[in-house]
Amino acid sequence: MSFVEWLLSFVYKIKTFPLIIQITIVLTMFFLISTFALIITIYTIRKKHNRVQKLLKNSVPEIKKLFEVVLFENEKYDELEFFERFKDIVEEVNRESLDLAVDVLVEFKNEHRESDMYLFIINSLGIVEHLERKFDSRSNSEKMDAFQEAFVLNLNKFDSKILVHAYSKNSQIRNEARNSYLALSTNDPYRFFDEYSGDLTKWDEIELMQYLKLQSERGNLEGLGKWINYSKNDSLVVFLIKMVGYFKQKGIDEILLEKLEDDNAKIRAEAILTLGELGIKETEQTLIERYYTEPEICQVSIVKTIKKFNTGKSLKFLQEIFSETNNTDTKKIIGEAILNYSYEGKIAFQNLKNSLKGFDLTILKHIETPLIKYK
Amino acid sequence: MEFFVKIYEYFIFFYATTLILSYIVLAIFSFIAINRYKNYNTDIDDEELLNSKLAPGISVIAPAYNEELTIIVNVKSLLTLNYPLFEVIIVNDGSKDKTLELLIKEFDLVEAPFAYVEKIKTKPYKRTFKSQNPRYEILTVIDKENGGTKADAFNAGLNASVFPYYLNTDVDCILARNTLTKMIKPILSSKVRVIAVGATLRMSNNCEIEEGIITRVRPPKALIPRFQELEYIRSYLLGKMGWELINSVPNVSGGLGMFDKEIAIKAGGYGADSHAEDMDMMTRMAAHMMNNRLKYKIGYIPLSCCWTEGPPNIKILSRQRTRWARGLFQMFTDHRRILFNPKYRRLGLITFPYIFIFEFLAPIIEAFGILFTIFLFFYGYINWNFAPLILFYSYTFAIMISSVVIIWDQMTFKYYNTTREVLTLFLTAIIEPILYHPLIMFFSLKGYFSFVTSRELAWGTMTRQGYETEKKNEENVDKKNKNDQNPDDQNNSNGENKNKKNSVFDRLKNKKSSGELEPIKT
């Protein structure tokens, strides 16, 4: 009997079985075939992986060596010569090998190894074109890579590419594009500041902050303060106030004082902290007057700001609120402010220690001991 | 009788088929979730986070009870985590061995004045230790009276923590250095409040560990931990990643989970008497959010960030699984109001019923099935033409789903260096349903029985063998190190294990931290 005849007779036989058994046989065969296919897939994945590993093992140290001599040892090549040297190492300059080159450059940048020759390598190998291809790729992970690699390599030549993605239907890509625009655009980096829908995520803040750092290095941070007034998005306003303090932006005292009257306690709290960061000491009395009418988040900000001002004028106030508050976390912050509040503060802290007992005394000892890093 | 047998046959067939279908759906869901994760997360994200002033603080909390064999290596592992702002809190839950003494000696600890606030009630807190060595300034050791459960110790750690997020882990776990950066990312990038994030755990039994850092991952040599490795990958990559797509993750493992501290405290912390503290905590937090009509998300990442020592033999496996089963029973007893309750939406109508029917009831149904098959055998009711086929149907499916999981694992990150190691796992999948599964069923039933008969069950400690850091490396240890070993320790009645521990400690002490160590980066 041939195989075909056997198969046909088997199929005929199956038809005579109860339905449940028929289903079971079909599914069992499906499971068997799938398992076999999966094993082949595992083998294929591993084979590809091993090939890539081999390439990495052989090429990456050589690529690093070549890049290092150009970047840090000032060895001179012309662009064509450098391209040929790179080609000798990787055998073929393609997507895969250019990705390796970008990875090596990103690694150097992340290790803060600075050089004026990065642009030479980028131009010689056509990395801008390579990243443009990644921006145009259908794969979202390629696009995400391109955004980040362009930022790390400090390439701001992708306005048009990013603009396309800034209106993408995919919210993650759209978000990444809008954040990246701040760092990668030459024309109007703040263009998308007022187009954020809903609250910023903490990740948005982290990304925006590093892009702002880049703008700060380029000397393009002047317009930041105005957005505090323009924006209707409270989470963006909170973030921008924080950044104004971080980058020590001057000339926005009026805006900050205005924000002290905002309905949103988070905005008020951040404005208070930024007054401290910018050292606007003339507001100290205003802050003390506000203390009792503000919610806890703002009260904590007021204490931190007074500690930052460190004028020596508010010691009595700090002692007063220390004895009044029942919240241990707030007490720790106030106690720490007293301890670090000039020479008088240290004496007042010791006096407090002598007068207090029990858990309050433990709080003071907790603040004082250098053994506890995070109070 | 025949009618009853018929009903039973149909029940089993549809039960098994529903389970199979659910696995297929979960496999599809997890595929989508893994791809989504891979598309939007890169290693450059880690660098961004590490260099950011806005990275939120994380408290790493690890309870310890009689962990003298591994405590030092594991605490060192926790201290090597790569993150800009974190603290490590070890809660010594009234250990009766030398756990605390070893910690004091190794990390140069002294008692510190610590304003400990009992936000969650625990067994009495005794004292806090901090290190005098600036290298270990982020380490805090809390000493408390034994609470009988890991949950009580976690609560004490929560009370002592200062940061808004915490990572709960076990001291027997070795974490990947980038665990914190990887696990905080879903919290940072979500517009909805993420109350917890989990990641995959694997077995450390055959891995190379140097100074508390995993440097080479291998599947375990011994059969029991290798079965468990496969089981863990299946449970995390297929189960939890699948559930993550529809925001219905049933629990975040007690071995490795990141939580929002504010919500954890508002939900009342860990159930102090719970033996399934992880699932209990997750359920409390989710219920708290739903009771207060707050939107929430539970995240999962497909990366393996944690390596734990798996039970090396059946005896220890039995102890571990009995405790888990008991904990599951306790969980369904404590949170019975959630089961099939529409008020709790997906949790009450999908996740809880699924876990109840396909995890909690499964060992009971299986055991009943075996007994019923024996009965049918004696009464001649077994259809020998088709019975093996039905058995083969379930068996082939089990192998197929394990193969899918191995592929998902390879898709995520290739932890094993060689193809042979991957194929070892596949071979494990072939024998797992025959050798391992019946054991798990038996231990689960034992756990249920123990819960119903209210037998006491102590803190979930597992007899540790300690990390050997590869026997081949031990051969290279200087003779001097051996001679320097404390003679008292060599004469200790703990014998073999103790000596093994000493050699590792001394080697670690003498080894200069060098650039040779290349940690596994996920």
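No lab work stands behind these numbers, since they all come straight from the coordinates. Source: prediction; values computed, not measured. Here Cβ is always computed from backbone atoms with ideal geometry, including for glycine, and neighbour counts include all displayed protein chains.
How high is the relative contact order of the stretch A:37-153? Use alpha-carbon pairs under 8 Å, at least six apart in sequence, and give a whole percent. Relative contact order comes out at 24 percent.
When DSSP beta bridges are restricted to pairs lying wholly in the protein assembly as shown, around 45% turn out antiparallel. Of all beta bridges that DSSP places with both ends in chain B, some 45 percent have antiparallel geometry. Taking the charge dipole of the protein assembly as shown about its Cα centre, with +1 at Lys and Arg Cβ atoms and -1 at Asp and Glu Cβ atoms, the residue from B:P164, B:F227, B:L445 reaching farthest to the positive side is B:L445.
Taking 0.36 nm per residue of separation and subtracting the Cα-Cα distance, full extension of the segment from B:Y15 to B:I370 would add 126.3 nm.
Give me the compactness ratio for the stretch A:156-276, meaning the Cα radius of gyration over 2.2 N^0.38 Å.
The stretch A:156-276 yields a ratio of 1.05.
Alpha-carbon geometry of the stretch B:1-57: the Rg and the Dmax are 23.4, 73 Å, given in that order.
Working note: Debye formula, equal point scatterers on the alpha-carbon atoms of the stretch A:176-246, no solvent; log10 I(q)/I(0) at q = 0.16, 0.17, 0.26 Å⁻¹ is -0.48, -0.54, -1.46. By other beta-carbon atoms within 10 Å, ranking A:Y118, A:Y343 with the fewest at the front produces A:Y343, A:Y118. Counts of other chain beta carbons within 10 angstrom of each beta carbon in peptide B:126-136 average 1. From most to least packed by mean Cβ count within 10 Å, the peptides A:17-27, A:199-209, B:31-41, B:433-443 give A:199-209, B:31-41, B:433-443, A:17-27. Please name which of B:G310, B:Y37, B:Y415 has its Cα lying farthest along the dipole of chain B towards the positive end, using unit charges on Cβ (Lys, Arg +1; Asp, Glu -1) and the Cα centre as origin. In chain B, that residue is B:Y37. Taking only the alpha carbons of chain B, we obtain Rg and Dmax values of 23.4, 77 Å in that order.
Distance between the modelled labels on A:D199 and A:E320, one decimal in nanometres: 3.4 nm (7 Å Cα→Cβ projection). Among A:291-298, A:102-109, B:168-175, A:146-153, the peptide with the highest mean count of other Cβ atoms within 10 Å heads the list, and the full ranking is B:168-175, A:146-153, A:102-109, A:291-298.
For B:C306, nonlocal amide neighbours, meaning residues 5 or more places apart or on other chains whose placed amide H falls under 5 Å from its own, are B:A176, B:R202. For B:K261, the aspartates and glutamates whose Cα falls under 19 Å of its own Cα, not counting residues fewer than eight places away in the same chain, are A:E296, A:D329, B:E87, B:E118, B:D152, B:D170, B:E277, B:D278, B:D280. Along each principal axis, taking the top coordinate minus the bottom one, the Cα set of the protein assembly as shown gives 99, 74, 67 Å in descending order.
How many partner chain Cβ atoms sit within 10 Å of a residue's Cβ in peptide A:200-209, on average, as a whole number? Walk me through the intermediate numbers first.
Numbers: counts 1, 6, 10, 12, 3, 3, 12, 6, 1, 5.
Average per residue, whole number: 6.
Determine the shape class of the stretch B:1-151: with a ≥ b ≥ c the square roots of the Cα gyration tensor eigenvalues, call it rounded for a/c under 1.5, and otherwise prolate if a/b is greater than b/c, oblate otherwise.
Oblate shape, in that a/c is at least 1.5 and b/c is the bigger or equal ratio.
Using only alpha-carbon positions in the stretch B:194-262, the gyration tensor eigenvalues give semi-axes of 26, 16, 8 Å once each is multiplied by 5 and square-rooted (largest first). Considering the stretch A:221-307 at the alpha-carbon level, its Rg and Dmax are found to be 11.8, 36 Å. For the stretch B:307-441, the convex hull drawn through the C-alpha positions has a volume of 180 cubic angstrom per residue. Sparsely packed loop sites in the stretch B:55-127 (the trypsin sites (Lys or Arg not before Pro) outside DSSP H, G, I, E and B with at most 14 other Cβ atoms within 10 Å) comprise B:K96, B:K121. Taking Cα centre as origin and charging only the Cβ of basic (Lys, Arg, +1) and acidic (Asp, Glu, -1) residues, the dipole magnitude of the stretch A:221-307 rounds to 320 debye. Relative contact order for the stretch B:321-468: 46 percent, from Cα pairs under 8 Å spaced at least 6 residues apart, divided by residue count. With the simple spin-label model, which puts each label point 7 Å out from Cα in the Cβ direction, the A:N354 to B:F413 separation comes to 5.7 nm. Against the compact-protein benchmark of 2.2 N^0.38 Å, the Cα-based radius of gyration of the stretch A:55-192 scales to 1.09.
The Rg/Rh ratio for the stretch A:310-375, using Cα coordinates for both the radius of gyration and the Kirkwood hydrodynamic radius, is 0.92. How tilted is helix A:315-324 with respect to the longest principal axis of chain A? Cα atoms for both, answer in degrees (0 to 90, nearest 10). So the inclination is approximately 70 degrees. For the stretch B:142-251, the fraction of alpha-carbon pairs lying more than 20 Å apart is 56 percent, rounded to a whole number.
Where the only charges are on Cβ atoms (+1 Lys, Arg; -1 Asp, Glu), what is the dipole of the protein assembly as shown about its Cα centre, to the nearest 20 debye? Could you put the intermediate results ahead of the total?
Numbers: 115 positive and 112 negative charges, 446 e Å.
Roughly 2140 debye for the protein assembly as shown.
Cross-link partners for A:K250 among the aspartates and glutamates, with Cα-Cα distance under 14 Å and sequence neighbours closer than 8 places in the same chain left out: A:E222, A:E277. The order of A:L361, A:L56, going from fewest to most other C-beta atoms within 10 Å of their C-beta, is A:L56, A:L361. Simple spin-label estimate for A:N340 and B:F340 gives 5.8 nm between the two label positions (7 Å along the Cα-to-Cβ direction from each Cα). Fewest-first ordering of B:M258, B:M411 by other beta carbons within 10 Å of each residue's beta carbon gives B:M411, B:M258. Per-residue packing, averaged as other Cβ atoms within 10 Å, sorts the ranges B:288-296, A:301-309 into the order A:301-309, B:288-296, beginning with the highest.
Helices in chain B that qualify as membrane-span-like (whole DSSP H runs, Cα extent of at least 30 Å along the helix axis, mean Kyte-Doolittle hydropathy of 0.0 or higher) are B:2-40, B:387-412, B:419-452.
Listed values for the stretch A:70-77 are Karplus-derived 3J(HN,Hα) couplings in whole Hz (6.51 cos²θ - 1.76 cosθ + 1.60, θ = phi - 60°), namely 6, 6, 10, 10, 6, 6, 9, 10, and x replaces Gly and Pro.
Orientation-averaged projection of chain A equals 33.6 nm² [convex hull of Cα atoms, one quarter of hull surface area]. Averaged over the residues of peptide B:41-54, the number of Cβ atoms from other protein chains lying within 10 Å of each residue's Cβ is 6.
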